[in-house]
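Reading through the structure tokens given below for one structure.
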Amino acid sequence: MSAGAGAGAGAGAIALYARATHGFDGRVAHAVTALQFAALEHAGGIVQATSLGAEDMVITDLIARHHLGIAIATLDTGRLHPQTLALVPRIEERYGLTVEVFVPRAEAVVRFVRANGANAMRDGIAHRKACCQLRKLEPLSRLLTARSAWVTGLRREQSNARAIVPFSEHDAHGRIKFNPLADWSWADVWHYIALHEVPFNPLHDAFMPSIGCEPCTRAIPVGADFRSGRWWWEEASAKECGLHVHEPSTTETAGALA
């Protein structure tokens, strides 16, 4: 699924990962139908919460390509790689779409850093989750204010914790969360990127399949778990920031999403 400096050195992400697999066209068609359904059912109240990762760039391309009325928004945590942030103007230039950017409350960040240090996330799960709370979860709550639905790039293949991700579900606040790429493989994501020349983070070429904040992300070797480059100092079971904790009351959307 992933590659590292020990193999494929010099090869870009497209060369390493993109593969045409059986059923690809059907999965693309299903994702388009899912997004069309979501845009119609939540007209004016739906947003793509993009991490600017490969999956989310595919979704942004689908939204733009099919002229769907879905807003695009992202979180600038204050600790992202410059390569990640550089995708915001690239999206706006390529697709003519405005990307809403939400940042953490400055005073909360200052208090946290003064009390715990700039890299307190390394001092234990409690500190790391507190950092995620103020840099991600609180801005996300503002991003989703007055919205009835949101779209994510979650896929079942990403981790054991996400292995049962449905195409749609209720989040903790009753909004509908659409996951149109739930059944896509990593090969599918990169095959789509190659076919449509979708912009992507160059850090994917540096063996980072899952990219978060700079101090919390590193390259991974061939065969490693997809998210093993995130918070690598923690137990594997802890590798979620809280943005996508699976809720027990998930429901599949009927009809168009079946």
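Could you compute the net charge surrounding Asp188? Neighbours are other residues with a C-beta less than 15 Å from the C-beta of Asp188; K and R count +1, D and E count -1. Can you show the working numbers first?
On the way: positive: Arg19, Arg27, Arg155, Arg156; negative: Asp25, Glu55, Asp56, Asp61, Glu157, Asp183.
Net local charge, Asp188 excluded: -2.
Please report, to one decimal in angstroms, the Kirkwood hydrodynamic radius of the range 45-98 built from all distinct Cα-Cα pairs. Could you put the intermediate results ahead of the total?
Numbers: mean 1/r = 0.0873 Å⁻¹.
Here the Kirkwood hydrodynamic radius works out to 11.4 Å.
When N counts the residues of the chain, how does its alpha-carbon radius of gyration compare numerically with 2.2 N^0.38 Å, as a ratio?
This ratio for the chain stands at 0.97.
May I ask you to sort Leu97, Leu154 by Cβ crowding, counting other Cβ atoms within 10 Å and putting the fewest first?
Working: Leu97 15, Leu154 23.
Ordered by Cβ neighbours within 10 Å, fewest first: Leu97, Leu154.
Counting only DSSP beta bridges with both residues in the chain, what percent are antiparallel, rounded to the nearest 5?
Working: 5 of 19 bridges.
Bridges in the chain are about 25 percent antiparallel.
What list do you get for Leu203, Leu195 if you sort them by fewest beta carbons within 10 Å? Numbers along the way, then the final one.
Numbers: Leu203 19, Leu195 12.
With the sparsest Cβ surroundings first, the list reads Leu195, Leu203.
Rounded to whole Å, give me the distance from the Cα center of the range 70-134 to that of the range 137-198.
18
What is the dipole size for the range 17-241, taken about its Cα centre, with +1 at each Lys and Arg Cβ and -1 at each Asp and Glu Cβ, in debye to the nearest 20? All intermediate terms of the calculation are to be shown ahead of the outcome.
Numbers: 25 positive and 24 negative charges, 124 e Å.
For this selection, approximately 600 debye.
If I require 20 Å or longer along the helix axis, counting alpha carbons, and a Kyte-Doolittle average no lower than 0.0, what helices from the chain are left? Use full DSSP H segments.
On the way: long enough: 24-41 (26 Å, 0.63).
Span-like helices here: 24-41.
For Gln36 and Val103 in one chain, what is 0.36 nm times their gap in residues minus the Cα-Cα distance, to one decimal in nm?
Full-extension gain reported as 21.2 nm.
Values quoted throughout were computed directly from the atomic coordinates according to the rules given, and no laboratory measurement underlies them. Since we're looking at a predicted model, the values are computed, not measured. All Cβ positions, even for glycine, are placed from backbone atoms using ideal geometry, and neighbour counts span all protein chains on display.
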